[in-house]
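Only one structure is covered here, and it is reproduced in the block below.
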Amino acid sequence: MVKILLVEDNEMNRDMLSRRLRRRGFEVLEAVDGRQGLSMATAIIPDLILMDLSLPELDGWETTRLLRAQRETATLPIIALTAHAQDSDRRKALAIGCDEFETKPIDLRRLLSKIDKLLHKAAAAPEP
């Protein structure tokens with residue numbers, strides 16, 4: 001079963017998205033802030049991370065930078081989730097290491113397509 005780490009501080013968003021992903025067969029692990037997300041990603045090594053960018057404690061921007069700096073998590077697929085829909089936000093998220101960018105409210109069909117694309121790309125990549 002594919003493990004997705006959902007790093008989202010908003011309880012309603014986290015609950016809604018995790019339920020929808022579980023119904024589609026994913027194992028969803030939840031973190032409520034960047035510190036917890038960083039710790040869980042390092043301990044569990046999920047198949048993919050959904051990273052809210054506006055998080056308490058340690059924001060999603062910095063959490064992504066730290067994940068990319070660690071050998072164990074450097075290549076994990078990360079999709080940025082944000083209410084900031086500006087093109088500059090998208091460029092910044094991709095520049096810090098996110099593989100994809102999804103604006104809120106989440107379009108589940110589009111998100112699932114991005115998840116599928118990244119999981120296939122990761123599966124096809126050679127082992128380091």
#### Entry: One residue from Ile44, Ile115 being out of contact with any Cys (no Cβ under 6 Å at 6 or more places or on another chain), surrounded by fewer than 16 Cβ atoms within 10 Å (Cβ to Cβ), β-branched (Val, Ile, Thr) and touching a residue at least 40 places away in the same chain (Cβ under 8 Å)
Ile44
### Query
Here are Glu30, Glu62: which of them is within 17 Å of Ile4 (Cβ to Cβ) and surrounded by fewer than 19 Cβ atoms within 10 Å (Cβ to Cβ)?
Glu30
### Query
Of all residues in the range 70-100, which are polar (S, T, N, Q), surrounded by fewer than 16 Cβ atoms within 10 Å (Cβ to Cβ), over 21 Å from Glu27 (Cα atoms) and touching a residue at least 24 places away in the same chain (Cβ under 8 Å)?
Gln70
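Working only within the range 2-22, note down all residues that are part of a strand (DSSP E or B) and either on the phi > 0 side of the Ramachandran plot or in contact with a Phe, Trp or Tyr (Cβ under 7 Å, 6 or more places away or on another chain) (or both).
Initial filter on the range 2-22 (part of a strand (DSSP E or B)): 3-7.
Across the range 2-22, the qualifying residue is only Ile4.
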#### Entry: Filter result for the condition that a residue is among the hydroxyl-bearing types (Ser, Thr, Tyr) and in contact (Cβ under 8 Å) with a residue 40 or more places away in the chain, over Thr63, Thr103
Thr63
### Task
State whether the residues of the range 37-48 include one that is modelled with pLDDT of 95 or more and more than 17 Å from Lys3 (Cβ to Cβ).
no
## Note on the structure
By residue number, the members of the range 5-34 that are touching a Pro at 6+ places or on another chain (Cβ under 9 Å) and over 23 Å from Leu94 (Cβ atoms) are Glu27, Leu29, Val32
### Message
Looking at the structure I just gave you, is Ile106 in contact with a Lys or Arg (Cβ under 7 Å, 6 or more places away or on another chain), at negative phi and not hydroxyl-bearing (Ser, Thr, Tyr)?
### Response
no
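The values are calculated or read from the model by the stated rules, or taken from the named source; none is laboratory data. Quantities reported herein were computed from a predicted structural model and do not represent experimental measurements. As a convention, Cβ positions derive from the backbone with ideal geometry for all residues, glycine included, and neighbour counts pool all protein chains shown.
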